[in-house]
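Participant: Before I ask anything, here is the structure I am working with.
The values are calculated or read from the model by the stated rules, or taken from the named source; none is laboratory data. What you see is a predicted model, and the numbers here were worked out from it, not measured in a lab. Cβ placement follows ideal geometry from the backbone for every residue including glycine, while neighbour counts extend to all protein chains displayed.
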Amino acid sequence: MVTRLALLGAGRIGKVHARAIASDPRAKLVAVVDAMADAAAAIADAAGCAVSTIDAVIADKDIDAVIICTPTNTHADLIERFARAGKAVFCEKPIDLDVARAQGCIDVVKETGAKVMLGFNRRFDPHFQAVRAEIDNGTIGKVEMVTITSRDPGAPPVDYIKVSGGIFRDMTIHDFDMARYLLGEEIKTVMASAAVLVDPKIGEAGDFDSASLILTTASGRQAIISNSRRATYGYDQRIEVHGSLGSVAAENQRPVSIEVATRDGYTRPPLHDFFMTRYTAAYAAEISAFIDCVENGTVPSPSAGDGLAALKLADAALKSATTGTVVTV
């Protein structure tokens, strides 16, 4: 069986997913949709498929599933339309920037029985998965503390900041999902401190560019998150899990993992420059997992419910950062 897919959105992340689809022999990209004709044509030409429209994709009975990479404010509507059309849906995070709208979308998903998977790609990173495997194997005992460092090489354009939903809904949301994935318990309280240290224009747009958070579960397990929109040394992505019997950590990754020693000291190559290269394997594994859902009827994970949980944590973090209080989720 070959799963026939349509790609909605031919921007940066759309290109990443198009490459991931091409890497899986069980998947075939058959249509690309984008308001920018040149962008859609570029991916369609490379994949040997057609440029299409949303209505045409919905009507095409031969298309099994869609990959949604369009702007955030279109996600919920598109998920609902394709769920009602009987197609499986993979959608980039978040479902929506508003919790109530996201919940309404999930209600439609439940009503239709559609398979919907959310794009929290870091769960599929082989290094982070290896950390989770050590937790599941009991190697470090009971999880007590999780530390997540996630820093971008540079801030996005202010025009993007204005429509992104803010650092907690746009950037930290990945870390909220990873914290839930590693803690093994739902987070009950959020304490966040945020500031504008990178670019004053980000503050003028009503957002932050630097944040530190402490998340706590009902049993007292903690996750500590460090975010920055500026890491001059590269894309900084690290996690450590401390448990009752020890700890396990995933270090930063480099395109080439070597170390050079000379009389001047030890040097290593720079880190990956951003998510497109750092998480190449994760994106491929993510699409592979989605194909498994379509072909074998497995339960999508991360689910739309996981997306809603992370969004609620983002809202709690924003409230905590702006009020200076600990917020109960």
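Participant: Any residue at all in segment 133-149 that's under 14 Å from the mean Cα position of the chain (by Cα) and not hydrophobic (A, V, I, L, M, F, W, C)? Even if it seems obvious, please write down each step before you answer.
Facilitator: To start, the set of residues in segment 133-149 that are under 14 Å from the mean Cα position of the chain (by Cα) comprises none.
No, because not a single residue in segment 133-149 is under 14 Å from the mean Cα position of the chain (by Cα) and not hydrophobic (A, V, I, L, M, F, W, C).
Participant: A further question on this structure: Please verify whether segment 47-57 includes one or more residues that are assigned to a loop (DSSP other than H, G, I, E, B) and touching a helix residue (DSSP H, G or I) at 6+ places or on another chain (Cβ under 7 Å).
Facilitator: There is no residue in segment 47-57 that is assigned to a loop (DSSP other than H, G, I, E, B) and touching a helix residue (DSSP H, G or I) at 6+ places or on another chain (Cβ under 7 Å).
Participant: Scan segment 118-139 and report the pairs whose first residue is closer than 24 Å to ALA65 by Cβ and whose second residue is hydroxyl-bearing (Ser, Thr, Tyr) and in a helix (DSSP H, G or I), with Cβ atoms within less than 6 Å and a gap of 6+ or a chain change.
Facilitator: The qualifying pairs are ASN121/TYR283; ARG123/TYR181.
Participant: Check ALA59, ALA88, ALA40 and return the single one that is over 16 Å from GLY11 (Cα atoms), touching a strand residue (DSSP E or B) at 6+ places or on another chain (Cβ under 8 Å), modelled with pLDDT of 95 or more and not charged (D, E, K, R). Spell out the reasoning first.
Facilitator: Working: ALA59 fails: touching a strand residue (DSSP E or B) at 6+ places or on another chain (Cβ under 8 Å); ALA40 fails: over 16 Å from GLY11 (Cα atoms).
It is ALA88.
Participant: Pairs needed: first member in segment 141-166, within 20 Å of ASN121 (Cβ to Cβ); second member anywhere, of a type in the set (Ser, Thr, Tyr) and assigned to a loop (DSSP other than H, G, I, E, B); C-beta distance under 7 Å; at least 6 residues apart or different chains.
Facilitator: If the second residue must be of a type in the set (Ser, Thr, Tyr) and assigned to a loop (DSSP other than H, G, I, E, B), the pairs left are ASP152/TYR235; PRO153/TYR235.
Participant: Taking VAL99 and the conditions (1) buried (at least 16 other Cβ atoms within 10 Å of the Cβ); (2) touching a Leu at 6+ places or on another chain (Cβ under 8 Å), which numbered condition does it fall short on, given that it satisfies the others?
Facilitator: All conditions are met except number (1).
Participant: Given the conditions (1) touching a Lys or Arg at 6+ places or on another chain (Cβ under 7 Å); (2) surrounded by fewer than 22 Cβ atoms within 10 Å (Cβ to Cβ); (3) not polar (S, T, N, Q), and given that ALA130 satisfies all but one, which numbered condition is not satisfied?
Facilitator: Of (1) touching a Lys or Arg at 6+ places or on another chain (Cβ under 7 Å); (2) surrounded by fewer than 22 Cβ atoms within 10 Å (Cβ to Cβ); (3) not polar (S, T, N, Q), only one is false for ALA130: (1).
Participant: Now for a separate question. Would you be able to tell me the number of residues in segment 1-46 that are touching a residue at least 12 places away in the same chain (Cβ under 8 Å), assigned to a helix (DSSP H, G or I) and not basic (Lys, Arg)?
Facilitator: The qualifying residues number 15.
Participant: Quick one: which of ASP62, ASP125, ASP152 is among the acidic types (Asp, Glu) and farther than 21 Å from ILE287 by Cα?
Facilitator: Numbers: ASP62 fails: farther than 21 Å from ILE287 by Cα; ASP125 fails: farther than 21 Å from ILE287 by Cα.
Residue meeting the stated conditions: ASP152.
Participant: Going through LEU182, LEU197 one at a time, which residue ends up being in a loop (DSSP other than H, G, I, E, B), more than 21 Å from HIS272 (Cβ to Cβ) and not β-branched (Val, Ile, Thr)? Let's see the steps before the verdict.
Facilitator: Working: LEU182 fails: in a loop (DSSP other than H, G, I, E, B).
After applying the criteria, what remains is LEU197.
Participant: Conditions: (1) part of a strand (DSSP E or B); (2) free of Cβ contacts under 8 Å to residues at least 60 places away in the same chain. LYS110 meets all but one. Number of the miss?
Facilitator: Only one criterion is unmet by LYS110, namely (1).
Participant: Now, a different point. With ASP24, ASP45 as the choices, which residue is in the same structural domain as PHE82 (by TED's automatic domain parsing), of a type outside the set (S, T, N, Q) and surrounded by fewer than 17 Cβ atoms within 10 Å (Cβ to Cβ)?
Facilitator: Details: ASP24 fails: surrounded by fewer than 17 Cβ atoms within 10 Å (Cβ to Cβ).
Of the residues listed, the single one that is in the same structural domain as PHE82 (by TED's automatic domain parsing), of a type outside the set (S, T, N, Q) and surrounded by fewer than 17 Cβ atoms within 10 Å (Cβ to Cβ) is ASP45.
Participant: Could you grab me the full set of residues in segment 153-181 that are surrounded by fewer than 21 Cβ atoms within 10 Å (Cβ to Cβ) and among the acidic types (Asp, Glu)?
Facilitator: The answer is ASP159, ASP170.
Participant: Residue pairs, Cβ under 7 Å, 6 or more apart or interchain, first in segment 218-230 and of a type in the set (Gly, Ala, Ser), second part of a strand (DSSP E or B). List them.
Facilitator: ALA218/LYS188; ALA223/VAL146; ALA223/ILE148; ALA223/LEU215; SER226/THR149; SER226/SER212; SER228/ARG151; SER228/SER210
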